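Accompanying notes for the structure given below.
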Amino acid sequence: MNLAQATTADTALVASAPWYDRTQRWAQLTLVENDPGRYDPKFWLDYFKRSRSDGTCLSAGGYVAYYPTDIRLHHRSRWMGDTDPFGDLARGSRQAGMTVLARTDPHAVHQPVYDAEPGWIAVDQDGNPRRHWAAKDAWITCALGPYNFEFMTEVNKEIVSRYDVDGIFSNRWAGTGMCYCENCARLFKEFCGLDLPRSIDPADPARRQYLVWHQQRLFELCRLWDSTIREINPDARFVPNSGGGALSELDMSELAGLTDTMFADRQGRAGIMVPWSAGKNAKEYRATMGDKTIGGIFSVGIEGKHRWKDSTQGSAEIDVWVADSIANGMRPWFTKFAGVVYDNRWLAPVERIYRWHERWSPYLVDQQPLARVAVVYSQQTAKFYGGPEAGDRVEAHIEGVYQALIEARIPFEMVHDQLLDAEHLSRFKTLVLPNIAALSDDQCRQLRDYVAGGGSIVATHETSLYDEWGVRRDDLGLGDLFNARVTGNLESDLKNSYLELAQGAADRNHPLLAGLLDADRIINGVSRLPTEPIKPLSDHLLGLVPSYPDLPMEDVFPLTDGPQGDEVYLGEYGRGRVAYFPWDIDRTFWEVLDPDHGRLLGNAVRWASEGESPAEVTGEGMLDVTCWRQPSSITVHLVNLTNPMTMRGPYRSPVAVGPQRVTVQLPTGESVRRVRLLSSGRQIDYDDIDGAITVTVPNVLVHEVVAVDLETA
């Protein structure tokens, strides 16, 4: 993406940049069927302008057509009459200079479609056509057959040929659950010679083949829709609403190659979802999208299983959610369901955020992350090792590491396990492997090469014990790096087990145990892989205290004298370092939130990184710290997560923290022109010592950005 020189706050992107790079703030209006004649399109066009939105996504077709379609069985809104709601909004948005995407939703159809084309309907494993779970008069479509490949292809072509749009954004396009229709059964049989699986066990050969086939079929659909759209308008694109982290259905490393932009649909949190989830999604997307523009979709309403689609969130919750999204590199995209506004309290907060984003846009685009640490996430491990338990066996490990790094204020990125080559890893000093259990021989080789080249690794639990298909090896695939061999079967659901900290003066002062000098014992995890060192360890920092009775109370005492083996393996290999925890320190931290586990993880990453970090931030409170380089500046984002509702939302009001002392490493050969705080809107003083500057941020309410303008020395 090319930018004009960032000399003023209102610097615009180069006019020749494609729409997906040029557009910075998105507005989505999802119409409901009875909106035509009831909602005020002029209100929305005015709000798009007021809020400085420069891109919009508008309901067009699929389940309901909001334009006068000529396609057979394409259901027109019953309230539309002879009007053109989509066309009116699209033309008004285009006249205002906005990018326009047409939204489609092909996941369901009305009764006449079922009557005319029953082969378009998804079928359950008992052979029954699937009614919609929420709309009882609707039917679920099969995503892999003629409804999507033929009917929706014609819908896309009709929209792009009739209207001046930049692309099609499709929601729920990839299907809902597994389909057992005749078409799926035939195509799958042709693919691998097997019947559709009845099991969700990834060890089942048919299930394994289905996961591969299902993904390939959806990628084929992506290519079809994108190519037919481009035939009509070469600048238009198909944008799939899909993807994300380890639990995502489609391989993000391949999906990223099929689209020029994507939007993370992590709309908001409910229950115990943490407020940095949107930022995590940004890192997951960027791991495969690289420099491509990504946006973060957020809902103005309350999210959750009870589905209050016409609700409004409080401003504090919107603020922190969007702040963490922006701080982690996404462009904001608000989504509003229904054209009628029942509660307008969200309008002012979104307008305020968007106006701030416009003012400081040169610091928020055309940027590269400076983090030297990266967390690996593995869809391969989730599918073939985690299976139906992937949430606990895979994602919980990632969540634990993620929170530990936030608490340690360590800037970091994420890396996809299919991109472990030197090109993708060379900018990182340290990789964290949170129970990346399923790794191929080639992936293990790539990680060895990474360490041989000076990289460091922090790994946990069963990392590399399984091959890429989830088949258990005889020993750890990376055992030589970890200096560990497996001595027994996994011990799970441990109770009342502990870790004894090193007693010798030298070991007690090891950086891994920083902050734990007053402790002799800390709690263990709940699952461990029995291991022993291949070569003698130079440091014995965490010794195992095996489980002992927790009742009767009189029997609660250790059954062994002294520690029984080591529970962390530290080693130095050439210019690299390796730390391996054979137990589920990350997953247990996510479940129990014992600060000792979080501290150990943070210490391990710092030790492995040998002090390499683009920025250091000290002060009270919990902050998400991210660091970026723009063409002529460096920015450090501080998102304040300190709040009584951090672990269970929504936020009621922000709680300011401060002061924060921020030290930023300067690029060689460049000097500082000025330092500004973008939320405070003022220039501040700084100390410049030995290639780094230090500033004091008086306080952070929600989101502060330290912007360092540079010039060649």
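Results, tabulated for the structure shown:
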| item | result |
| --- | --- |
| Rough spin-label spacing in nm, given labels placed 7 Å along Cα→Cβ, for E182 and D195 | 1.8 |
| Rg over Rh [alpha-carbon atoms, Kirkwood Rh] for the stretch 441-572 | 1.00 |
| Cα centre as origin, Lys/Arg/Asp/Glu Cβ charges: the stretch 615-712 dipole, Debye | 480 |
| Estimated inter-spin distance, A519 and D690, nm [label 7 Å along Cα→Cβ] | 3.0 |
| Separation of alpha-carbon centers, the stretch 437-461 and the stretch 322-360, rounded to whole Å | 40 |
| Distance in nm between pseudo-label sites at L551 and D126 (7 Å out along the Cβ direction from Cα) | 4.0 |
| Two-decimal ratio, the stretch 615-712, of alpha-carbon radius of gyration to 2.2 N^0.38 Å | 1.13 |
| Over the stretch 497-592: Kirkwood hydrodynamic radius from C-alpha pairwise inverse distances, Å | 14.6 |
| Angle in degrees between helix 41-50 and the longest Cα principal axis of the chain, rounded to the nearest 10 | 40 |
| Percentage relative contact order, the stretch 615-712, counting C-alpha pairs under 8 Å, at least six apart | 35 |
| Theoretical FRET efficiency, 1/(1+(r/R0)^6), r = Cβ-Cβ of E351 and E612, R0 45 Å, to 0.05 | 0.65 |
| Amide N of the stretch 223-254 lying under 14 Å from the label point, which is placed 7 angstrom from the Cα of E423 along Cα→Cβ | 253-254 |
| Length-normalised contact order of the stretch 373-609 in % [C-alpha pairs under 8 Å, at least 6 apart] | 25 |
| Distance histogram for the stretch 373-609 (every C-alpha pair counted, 10 angstrom bins, percent rounded to whole numbers) | 8, 34, 39, 16, 3, 0 |
| Dipole magnitude of the stretch 373-609 about its Cα centre (Cβ charges: Lys, Arg +1; Asp, Glu -1), debye to nearest 20 | 780 |
| Relative contact order (percent, whole number), the stretch 196-329, Cα cutoff 8 Å, 6+ residue spacing | 19 |
| Helix 277-289 vs. the chain, principal-axis angle (Cα, 0 to 90°, nearest 10) | 80 |
| Exposure proxy order (Cβ contacts within 10 Å, fewest to most) of W133, W79 | W133, W79 |
| Sites N489 and D442 - FRET efficiency at Förster radius 25 Å, r taken between beta-carbons, to 0.05 | 0.40 |
| Highest-first arrangement of 649-658, 617-626, where packing means the average Cβ count within 10 Å | 617-626, 649-658 |
| Ranked packing of 213-223, 573-583, most packed first, by mean Cβ within 10 Å | 573-583, 213-223 |
| Extension gain from T83 to H110, taking 0.36 nm per residue of separation minus the Cα-Cα distance | 7.6 nm |
| Descending semi-axes in whole angstrom, ellipsoid equivalent of the stretch 1-158, from the Cα gyration tensor | 36, 19, 13 |
| Out-of-range pairs (alpha-carbon distance over 20 Å; input K283/K429; K42/K336; K383/K495) | K383/K495 |
| Highest average packing first - 369-378, 169-178, 295-304, Cβ atoms within 10 Å | 369-378, 295-304, 169-178 |
| Relative frequency of Cα-Cα separations exceeding 50 Å in the chain, percent | 16 |
| Extreme residue, positive dipole direction of the stretch 369-472, given options V451, I436, V376 (C-beta unit charges) | V451 |
| Relative compactness, the stretch 261-304, computed as alpha-carbon Rg over 2.2 N^0.38 Å | 1.20 |
| About the Cα centre, charge dipole magnitude for the stretch 226-352 (Lys/Arg +1, Asp/Glu -1 at Cβ), debye | 340 |
| FRET efficiency, D392 to T712 (Cβ-Cβ, R0 35 Å, nearest 0.05) | 0.10 |
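No value in this document is a laboratory result; all are computed from the given coordinates. Treat the numbers as computed from the prediction; the structure is a model and nothing was measured. In this analysis, Cβ positions are derived from the backbone assuming ideal geometry, glycine residues included, and neighbour counts consider all displayed protein chains.
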